[in-house]
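So the structure is just underneath, and the comments pick up after that.
The values are calculated or read from the model by the stated rules, or taken from the named source; none is laboratory data. Everything numeric in this text was worked out from a predicted model, so none of it was measured. Heads up, the Cβs are rebuilt from the backbone with ideal geometry, glycines too, and the neighbour counts pull from every protein chain shown.
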Amino acid sequence: MKRFTKKIFRCQRGVTVLELLIATLITGVMTTAAFQFLVSMQNQSEAQQYLSEAQLLCRNSLMDIKKNLRMAGYKITDHPAYEVKGDTLAVYVSQSQPVDTILYYLQEFNDGEYAAMADLPEGRQVYRLMKQTNSDPPDEFADYVLNVQYDLTDPSNIIVRVTTQTPRPDEDYPSFNGYRSYSLSERVKIRNA
C-alpha cells in the first residue's frame, strides 16, 4: 500500500500584520514629506507673488510720477512748475485749465487695517500713495508704500525714490517680521523748468 504523506506547503499567501504596519508607516512618512514639500512650495510661490506685486507697484508709481514731472510747467509762464513739501509733490501743467494741479501724497492706513497686519515691525508705517488731479476726488494709486522721497539736485532735476513692501509676511524671510520691501529711484529731468 501506498503511504499517504502530508505535503506541507511553505508558500504563504497574504501578508502578516507586521508587514502591513510597516508598509502603512512608510506610506505615511512619504505622504507627510510630500505634503510638507507642497505646502513649502505654495508658501514660496505666494511670497514671490507678493514681492512681484510690490515691485510692480513701485515701478508703476515711479513711472507715473516721472511722466507728470517731465511735463511740469508745460504752457505755464507765471506759476512754478512744481512744489515739493516733504513727501507731497504738486505738479502744475496747462492741459484742460490755465493751471492744472496734479498732487501726489501719502495717506496712512486706518487703525482697522493696521490691526489686520498684526506682525508689522515696530515703528514701520505703511501708506497709500494718492493721486489727485485738480478738484477731482483723490484716487488710490498704490498701497503698501513705505515712503516717497523727492531730492532736488537742481531746479530742473529731481531724484524720485519710491519704496513699497509686500502686503503679507514671508515666513522664510527673517528680517522685519517677514515683510520684504522694494525700492526704486530715478532721476527726472523737468523739460519746462
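Yes or no: residue 168 in contact (Cβ under 8 Å) with a residue 12 or more places away in the chain and in a strand (DSSP E or B)? Criteria not met by residue 168.
Checked against (1) surrounded by 12 or more Cβ atoms within 10 Å (Cβ to Cβ); (2) outside any loop (DSSP other than H, G, I, E, B), residue 112 passes all but a single condition, namely (1). For segment 58-86, the candidate set comprises residues that are loosely packed, with under 15 Cβ neighbours inside 10 Å and over 25 Å from residue 127 (Cβ atoms); within that set, the residue that is modelled with the highest pLDDT is 80. Restricted to segment 87-105, and to residues there that are of a type in the set (Ser, Thr, Tyr) and either part of a loop (DSSP other than H, G, I, E, B) or in contact with a helix residue (DSSP H, G or I) (Cβ under 7 Å, 6 or more places away or on another chain) (or both), the residue that is surrounded by the fewest Cβ atoms within 10 Å (Cβ to Cβ) is 96.
Restricting attention to segment 171-193, the residues that are of a type in the set (S, T, N, Q) and either free of Cβ contacts under 8 Å to residues at least 24 places away in the same chain or part of a loop (DSSP other than H, G, I, E, B) (or both) add up to 2. The residues listed here are 120, 62, 38; of these, the one that is under 30 Å from residue 134 (Cα atoms), under 26 Å from the mean Cα position of the chain (by Cα) and aliphatic (A, V, I, L, M) is 62. All of 145, 162 fail the test of being in contact with a Phe, Trp or Tyr (Cβ under 8 Å, 6 or more places away or on another chain) and in a strand (DSSP E or B), apart from 145. If you filter segment 134-148 down to residues that are of a type outside the set (S, T, N, Q) and surrounded by fewer than 16 Cβ atoms within 10 Å (Cβ to Cβ), you find that the one that is nearest to residue 115 (Cα to Cα) is 140.
In segment 104-133, what residues are at pLDDT 90 or above and either more than 30 Å from residue 168 (Cβ to Cβ) or of a type in the set (Phe, Trp, Tyr) (or both)? Correct list: 104, 105, 127, 133.
Scan segment 123-142 for residues that are in a strand (DSSP E or B), closer than 18 Å to residue 86 by Cβ and of a type outside the set (A, V, I, L, M, F, W, C) and the total you get is 4. Could you please give the count of residues in segment 41-56 that are surrounded by 17 or more Cβ atoms within 10 Å (Cβ to Cβ) and touching a strand residue (DSSP E or B) at 6+ places or on another chain (Cβ under 8 Å)? Within segment 41-56, residues that are surrounded by 17 or more Cβ atoms within 10 Å (Cβ to Cβ) and touching a strand residue (DSSP E or B) at 6+ places or on another chain (Cβ under 8 Å) number 2. What's the total number of residues in segment 149-193 that are under 24 Å from the mean Cα position of the chain (by Cα), surrounded by 13 or more Cβ atoms within 10 Å (Cβ to Cβ) and of a type in the set (Lys, Arg)? Count: 3.
Residue count for segment 4-35, restricted to those that are of a type in the set (Phe, Trp, Tyr) and at pLDDT below 85: 2.
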